[in-house]
Amino acid sequence: NAGVTQTPKFRILKIGQSMTLQCAQDMNHNYMYWYRQDPGMGLKLIYYSVGAGITDKGEVPNGYNVSRSTTEDFPLRLELAAPSQTSVYFCASSYEGRGTEAFFGQGTRLTVV
Amino acid sequence: KNEVEQSPQNLTAQEGEFITINCSYSVGISALHWLQQHPGGGIVSLFMLSSGKKKHGRLIATINIQEKHSSLHITASHPRDSAVYICAVSLDYGGSQGNLIFGKGTKLSVKP
């Protein structure tokens with residue numbers, strides 16, 4: 001079972017560049033999430049989706065965009081990268097949201113220079 | 001004040017020791033999760049619980065809903081248990097979409 005797959009694992013971006021972090025899950029989960037993890041801090045929610053075609057902002061959405069055209073895929077787009085977006089990004093999914101187990105990807109370590 | 005507080009932040013133990021990591025939360029929850037993150041690695045779910053106690057191998061998780069407190073215990077610790085252990089909660093209110101609120105994690109190092 002692949003579970004939640006994130007690509008790439010590492011990336012260095014220059015200020016102002018753009019990129020897309022890919023996330024795919026093969027568990028037919030409705031709920032998908034993007035989190036960022038900064039040193040010494042708990043993970044923070046960037047965006048989430050409760051199903052194909054439905055997305056909404058989390059706690060720290062500025063500088064990011066998402067789309068959910070299929071149940072499987074939930075890409076995160078960074079436009080005009082800034083040093084403040086240097087972080088480790090995790091994609092997660094769950095079947096029903098509240099009170100159900102969450103499955104995480106391996107993470108993407110992004111550095112903006 | 002953070003909604004999820006973990007203690008200790010860092011923990012060093014000798015192989016074989018019994019380890020306890022604590023988590024307190026200040027909000028109504030539908031479930032509490034214990035997660036494990038190895039250095040440079042992804043996050044793995046260890047337990048999800050809403051009441052009582054769960055056990056998996058050498059790991060035990062307990063939760064006291066009235067006191068809003070959970071503990072993760074590791075018996076007979078081993079160097080391979082070295083990781084960051086993260087407590088997270090699913091909020092229990094109508095607008096919640098199942099996202100987790102995370103503690104800052106406890107970094108555990110087990111020495112041989």
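Here are some notes:
- Residue match in segment A:77-90 (condition: closer than 20 Å to B:GLY105 by Cα, more than 10 Å from chain B (Cβ to nearest Cβ), crowded, with 19+ Cβ neighbours inside 10 Å and at pLDDT 95 or above): yes
- Look at segment A:27-53: where a residue is touching a residue at least 40 places away in the same chain (Cβ under 8 Å) and within 9 Å of another protein chain (Cβ to nearest Cβ) and a partner is among the aliphatic types (A, V, I, L, M) and not in a strand (DSSP E or B), sitting 6+ places away or on another chain with Cβ atoms under 6 Å, you get A:TYR35/A:LEU43; A:GLN37/A:LEU43.
- With respect to the stated conditions, A:TYR47 fails to be surrounded by fewer than 15 Cβ atoms within 10 Å (Cβ to Cβ) and under 25 Å from B:TYR85 (Cα atoms).
- Scanning segment A:9-43 for residues that are among the small types (Gly, Ala, Ser) and in a loop (DSSP other than H, G, I, E, B), we see that the one that is modelled with the lowest pLDDT is A:GLY40.
- For B:GLY40, the conditions (1) on the phi > 0 side of the Ramachandran plot; (2) touching a His at 6+ places or on another chain (Cβ under 8 Å) all hold with the exception of (2).
- Test: residue in segment B:57-64 that is over 30 Å from A:ASP56 (Cβ atoms), of a type in the set (S, T, N, Q) and within 14 Å of chain A (Cβ to nearest Cβ): no
- Hey, B:SER30 buried (at least 21 other Cβ atoms within 10 Å of the Cβ), assigned to a strand (DSSP E or B) and within 11 Å of chain A (Cβ to nearest Cβ) or not: no
- Odd one out for B:GLU15 among (1) of a type outside the set (A, V, I, L, M, F, W, C); (2) in contact with a helix residue (DSSP H, G or I) (Cβ under 9 Å, 6 or more places away or on another chain); (3) buried (at least 22 other Cβ atoms within 10 Å of the Cβ): (3)
- Output for segment B:66-103, where each listed residue is at pLDDT below 95, farther than 30 Å from A:GLY51 by Cβ and within 14 Å of chain A (Cβ to nearest Cβ): none
The values are calculated or read from the model by the stated rules, or taken from the named source; none is laboratory data. Given the structure is predicted, the values throughout are model-derived calculations rather than measurements. No Cβ is skipped: glycine too gets one built from the backbone with ideal geometry, and neighbour counts run over all protein chains shown.
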